[in-house]
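Read the structure below first, then the notes.
The values are calculated or read from the model by the stated rules, or taken from the named source; none is laboratory data. For clarity, every value in this text was computed on a predicted model and none was experimentally measured. With ideal geometry, Cβ positions are generated from the backbone for all residues, glycine too; neighbour counts draw on all protein chains shown.
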Amino acid sequence: MTMMTDLPGGPSLPQERRLVTAIPGPKSQELMARKRAAVAEGVGTVMPVFARRAGGGIVEDVDGNALIDFGSGIAVTSVGNSAEAVVRRASAQLAQFTHTCAMVTPYEGYVEVCEELARLTPGDHPKKSALFNSGAEAVENAVKIARYATKRQAVVVFDHGYHGRTNLTMALTSKSMPYKHGFGPFAPEIYRMPVAYPFRWLTGPENCAEEAAAQVIDQIGKQVGAQNTAAILIEPLLGEGGFIEPARGFLPRIAQFAKDNGIVFIADEIQSGFCRTGQWFACEDEGIVPDLITTAKGIAGGLPLAAVTGRAELMDAAHMGGLGGTYGGNPVACAGALGAIETMREMDLAARARRIEEIMKPRLRAMAERFPVIGEVRGRGAMLAIELVEPGTKEPAPQATAALAKACHGQGLLVLTTGTYGNVMRFLPPLVIGEDLLGEGLDILEDALSTL
């Protein structure tokens with residue numbers, strides 16, 4: 001029996017894969033020609049199909065093909081693309097007003113989102129927030145806050161980290177192509193340190209956490225000076241770098257070093273936050289309470305919103321007018337965020353993420369046993385990945401990764417690649433996806449692997 005979307009009030013979208021044309025179909029090809037004529041070439045496309053409707057675990061294109069969604073708009077539509085509470089609350093706000101600017105005449109929705117963030121983020125200390133439009137803006141403002149509060153300048157970041165596409169966040173980001181290449185010069189006083197990447201740690205995963213933390217602390221002491229360091233910024237589960245889980249013990253030691261030296265510890269939870277990893281925030285996995293936490297992506301069910309949340313004394317450090325932005329905390333986006341949080345609570349989407357891991361990880365590990373091109377299966381919750389290598393080695397296999405993604409796309413499975421070496425396939429299904437679609441998507445992946 002065909003299931004409809006499992007969020008009441010969403011579109012009447014059958015929850016089944018359907019291919020009626022080749023991928024891409026003729027209407028998508030026509031729109032792609034228009035895109036090439038009108039849109040800057042630098043704006044890339046993962047899958048050359050144009051969406052018409054989406055909900056649950058399905059994206060329907062303009063040709064009538066229904067694709068299984070293992071991407072969630074890069075971890076944005078965790079509650080689905082048309083969650084009832086998001087649509088209801090945002091629609092009601094649209095009917096009231098679209099904008100006044102929170103810095104001119106504020107509105108309750110902005111305050112409500114900040115109150116929810118204070119409740120949801122780790123730690124029982126007094127917290128405050130400021131709202132922005134994008135993850136990059138949130139990271140920029142977290143750095144501003146840390147520098148202002150500490151009266152220091154240096155910011156420590158990590159190999160394989162990704163933090164955005166603005167000038168400062170490009171400097172913070174590790175990977176050159178496509179994010180940084182040709183766009184410099186970049187902001188100064190950024191220092192990059194090794195991260196505890198178990199699969200690629202030279203002396204083996206068992207030594208990774210201790211050795212990596214020792215290297216970081218030593219290098220900060222020698223190259224930067226703890227007394228000069230305003231902030232240490234890290235993704236608790238690294239996203240664009242390849243869904244890298246730092247070896248257990250690494251993050252707590254770095255967080256403790258920051259605390260001992262008056263350094264602001266910033267957790268970038270833009271991709272990993274809001275139930276994605278099976279907890280509200282990935283840093284909870286090792287009991288880390290960051291001084292500041294940046295969020296975006298999954299916060300508002302697809303509407304543009306981002307936040308910096310942190311210790312009240314840090315958030316209050318900057319002078320009046322030092323934080324803000326014309327559209328930051330837009331009222332419609334705030335309404336969407338309240339709807340997304342309502343959905344996460346009512347459906348217990350953190351538990352749904354853990355259930356997705358229970359289904360996907362054993363299947364992926366079985367594929368790794370069968371296909372030596374898979375070097376590692378990793379991730380938590382519904383933030384999972386496979387790293388592809390030349391069989392029998394750890395040499396990255398980006399061509400195989402691209403070919404695998406293309407084969408999946410052709411069979412109606414929307415998947416994304418990532419990784420510093422372009423050799424990681426990541427899986428970010430909506431947390432509301434049906435288990436039948438999960439299984440079918442994994443079948444497609446396994447079939448594609450068998451044809452490589």
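Scanning segment 15-30 for residues that are touching a strand residue (DSSP E or B) at 6+ places or on another chain (Cβ under 9 Å) and small (Gly, Ala, Ser) returns 25, 28.
Total residues in segment 249-276 satisfying the condition of being in a helix (DSSP H, G or I), among the small types (Gly, Ala, Ser) and under 29 Å from residue 348 (Cβ atoms): the figure is 1. Restricting segment 282-305 to residues that are touching an Asp or Glu at 6+ places or on another chain (Cβ under 7 Å) and under 13 Å from residue 75 (Cβ atoms) leaves a set whose member that is surrounded by the fewest Cβ atoms within 10 Å (Cβ to Cβ) is 282.
Quick one: in segment 138-160, of everything that is more than 30 Å from residue 421 (Cβ to Cβ) and among the charged types (D, E, K, R), which residue is farthest from the chain's Cα centre (by Cα)?
Residues of segment 138-160 that are more than 30 Å from residue 421 (Cβ to Cβ), as a first pass: 141, 144-153.
Still in the list and also among the charged types (D, E, K, R): 144, 147, 151-152.
On the way: 144: 22, 147: 25, 151: 30, 152: 28 Å.
Result: 151.
Filtered by the rule that a residue be farther than 25 Å from residue 306 by Cβ and crowded, with 17+ Cβ neighbours inside 10 Å, segment 58-75 gives 58, 60, 61, 62, 63, 65, 66, 67, 68.
Of the residues that make up segment 232-250, is at least one without any contact (Cβ under 8 Å) to a residue 24 or more places away in the chain and at negative phi?
Taking segment 232-250 and keeping what is without any contact (Cβ under 8 Å) to a residue 24 or more places away in the chain, we get none.
Within segment 232-250, not a single residue is without any contact (Cβ under 8 Å) to a residue 24 or more places away in the chain and at negative phi.
The numbered conditions (1) β-branched (Val, Ile, Thr); (2) buried (at least 19 other Cβ atoms within 10 Å of the Cβ); (3) assigned by TED's automatic domain parsing to the domain that holds residue 334 are all true for residue 79 except (3). Within segment 120-132, one or more residues are assigned to a helix (DSSP H, G or I), within 22 Å of the chain's Cα centre (by Cα) and more than 25 Å from residue 226 (Cβ to Cβ).
Go through 244, 299, 293 for me and flag whichever is modelled with pLDDT of 95 or more and in contact with a helix residue (DSSP H, G or I) (Cβ under 6 Å, 6 or more places away or on another chain).
299
Quick check, is residue 399 closer than 21 Å to residue 66 by Cβ and surrounded by fewer than 23 Cβ atoms within 10 Å (Cβ to Cβ)? Considered against the rule, which asks whether it is closer than 21 Å to residue 66 by Cβ and surrounded by fewer than 23 Cβ atoms within 10 Å (Cβ to Cβ), residue 399 comes out as no.
Give segment 277-322 a look and list any residue that's in a helix (DSSP H, G or I) and within 26 Å of residue 245 (Cα to Cα), or say none. Step through it out loud before you land on a result.
Step one: filter segment 277-322 for residues in a helix (DSSP H, G or I), giving 282-286, 297-300, 312-315.
Across segment 277-322, the qualifying residues are 282, 283, 284, 285, 286, 297, 298, 299, 300.
The single condition among (1) closer than 21 Å to residue 275 by Cα; (2) crowded, with 21+ Cβ neighbours inside 10 Å; (3) out of contact with any helix residue (DSSP H, G or I) (no Cβ under 6 Å at 6 or more places or on another chain); (4) not hydrophobic (A, V, I, L, M, F, W, C) that residue 434 does not meet is (2).
Just to be sure, is residue 422 part of a loop (DSSP other than H, G, I, E, B) and either assigned by TED's automatic domain parsing to the domain that holds residue 48 or crowded, with 22+ Cβ neighbours inside 10 Å (or both)? Don't jump to the end; show me each part of the working.
On the way: part of a loop (DSSP other than H, G, I, E, B): yes; either assigned by TED's automatic domain parsing to the domain that holds residue 48 or crowded, with 22+ Cβ neighbours inside 10 Å (or both): yes.
Against the criterion (part of a loop (DSSP other than H, G, I, E, B) and either assigned by TED's automatic domain parsing to the domain that holds residue 48 or crowded, with 22+ Cβ neighbours inside 10 Å (or both)), residue 422 qualifies.
Yes/no matrix, rows are residues, columns are (1) of a type in the set (S, T, N, Q); (2) without any contact (Cβ under 8 Å) to a residue 40 or more places away in the chain:
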{"position": "111", "(1), (2)": "no, yes"}
{"position": "145", "(1), (2)": "no, no"}
{"position": "153", "(1), (2)": "yes, no"}
{"position": "185", "(1), (2)": "no, yes"}
{"position": "194", "(1), (2)": "no, yes"}
{"position": "208", "(1), (2)": "no, no"}
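Exactly one residue among 9, 57 is under 29 Å from residue 90 (Cα atoms), small (Gly, Ala, Ser) and modelled with pLDDT under 95, and that residue is 9. Checking each residue in segment 185-217 for being under 23 Å from residue 395 (Cα atoms), surrounded by fewer than 18 Cβ atoms within 10 Å (Cβ to Cβ) and small (Gly, Ala, Ser) picks out only 204. Is it the case that segment 33-43 has a residue that's of a type outside the set (Gly, Ala, Ser), in contact (Cβ under 8 Å) with a residue 24 or more places away in the chain and within 28 Å of residue 274 (Cα to Cα)? Within segment 33-43 (the criterion being of a type outside the set (Gly, Ala, Ser), in contact (Cβ under 8 Å) with a residue 24 or more places away in the chain and within 28 Å of residue 274 (Cα to Cα)), the answer is no, since none of the residues qualifies.
Quick check on residue 241: is it surrounded by fewer than 24 Cβ atoms within 10 Å (Cβ to Cβ) and not in a helix (DSSP H, G or I)? Working first, answer last.
On the way: surrounded by fewer than 24 Cβ atoms within 10 Å (Cβ to Cβ): yes; not in a helix (DSSP H, G or I): yes.
Yes, satisfied.
Looking across segment 260-280 at every residue that is among the small types (Gly, Ala, Ser) and farther than 17 Å from residue 360 by Cβ, the one that is surrounded by the fewest Cβ atoms within 10 Å (Cβ to Cβ) is identified as 262. Condition check: touching a strand residue (DSSP E or B) at 6+ places or on another chain (Cβ under 6 Å), surrounded by fewer than 21 Cβ atoms within 10 Å (Cβ to Cβ) and without any contact (Cβ under 8 Å) to a residue 40 or more places away in the chain. Does residue 51 satisfy that? Spelling it out, residue 51 is indeed touching a strand residue (DSSP E or B) at 6+ places or on another chain (Cβ under 6 Å), surrounded by fewer than 21 Cβ atoms within 10 Å (Cβ to Cβ) and without any contact (Cβ under 8 Å) to a residue 40 or more places away in the chain.
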